[in-house]
Amino acid sequence: MNVAALNSLPSAFWAIAGSVITGIISLIGIYLTNRANTKRQDTERKMALRREVYLSAVEAIAALQSHLGGLIDISKPLPSTEIADGLAALSKVYLVGTEATIRAVMTFVNQFLKAYATLNLERTVLSAKQTGLTSLELGREWIAFARDFKKACFPIANYAAPAFLALRRELGLEIDEAMTVSMFSEGLGENIAVTDKFIDDLERLFEEKKEA
């Protein structure tokens, strides 16, 4: 169609054509906007889910370490329900976490379960023996248990730190990771020193009773 033919078209045609073209452009704009909004909403929804899962995971890691420490008191019942809840919260990380985060959390869980199984067995044996022991004998048995407890329990903190840092990275929370690891190590060292002193003092006390 040449220029003369185009010029011969009625103005109504151009008005309709303009409306159609404008409508098509508007539809394309709406489609692109909706697609961008959908993608943004999907990203926000995934981040909100991750945030909820990761915050629960951080709480679970801290709680599981606390429950493991509580095994030292053989007079208290096992926190089986609380431990199951904590492990359930951590299992959700496997659904939304990156490979690095999943690996860090899984390592912590594996080490926790290993320590828990070891301590639970020794705790059960000591609980069963305590009725037939004198207080002095029970004290010495408990000291042996406490030393094994320290070896199994405290190293868990070394696996908690990488899990905490992985969760923080995914939440976009910046932190000096080297300083954080150093703080974890210093805190662990102080706790070990305090525990060693307590066990040594208690053992010395029982030895003095034995000699008296």
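The values are calculated or read from the model by the stated rules, or taken from the named source; none is laboratory data. What you are looking at is a predicted structure, and each value in this text was computed from that prediction instead of being measured. FYI the Cβ positions are ideal-geometry reconstructions off the backbone, even for glycines, and counts take in every protein chain you see.
In the stretch 182-212, which residue that is farther than 30 Å from LEU138 by Cβ and modelled with pLDDT under 75 is nearest to the chain's Cα centre (by Cα)?
Among them, the one singled out is PHE184.
Determine, yes or no, whether PHE198 is in contact with a Leu (Cβ under 7 Å, 6 or more places away or on another chain) and farther than 19 Å from ALA60 by Cβ.
No; evaluated as a whole, the condition is false for this residue.
Mind listing just one residue for me: the one in the stretch 63-87 that is in contact (Cβ under 8 Å) with a residue 24 or more places away in the chain and under 25 Å from LEU173 (Cβ atoms) and, of those, surrounded by the most Cβ atoms within 10 Å (Cβ to Cβ)?
LEU64
Among (1) assigned to a helix (DSSP H, G or I); (2) without any contact (Cβ under 8 Å) to a residue 24 or more places away in the chain, there is one condition VAL58 misses while meeting the rest; what is its number?
(2)
Being modelled with pLDDT of 85 or more and small (Gly, Ala, Ser), is that true of even one residue in the stretch 76-85?
yes
Of all helices (runs of 4 or more DSSP H) completely enclosed by the stretch 82-183, which ones contain at least 2 residues that are within 27 Å of GLU52 (Cα to Cα) and of a type in the set (D, E, K, R)?
99-129, 156-171
I'd like to know if the stretch 186-198 contains one or more residues that are within 30 Å of LYS92 (Cβ to Cβ) and surrounded by 15 or more Cβ atoms within 10 Å (Cβ to Cβ).
yes
For (1) of a type in the set (S, T, N, Q); (2) within 14 Å of GLN65 (Cα to Cα), each residue gets a yes or a no:
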position: ARG123; (1), (2): no, no
position: LEU136; (1), (2): no, no
position: ALA157; (1), (2): no, yes
position: SER185; (1), (2): yes, no
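When you go through GLU141, GLU122, GLU170 one by one, which is the residue that is surrounded by 15 or more Cβ atoms within 10 Å (Cβ to Cβ), touching a Gly at 6+ places or on another chain (Cβ under 9 Å) and either modelled with pLDDT of 85 or more or acidic (Asp, Glu) (or both)? First the steps, then the outcome.
On the way: GLU141 fails: touching a Gly at 6+ places or on another chain (Cβ under 9 Å); GLU122 fails: touching a Gly at 6+ places or on another chain (Cβ under 9 Å).
When all the criteria are applied, what remains is GLU170.
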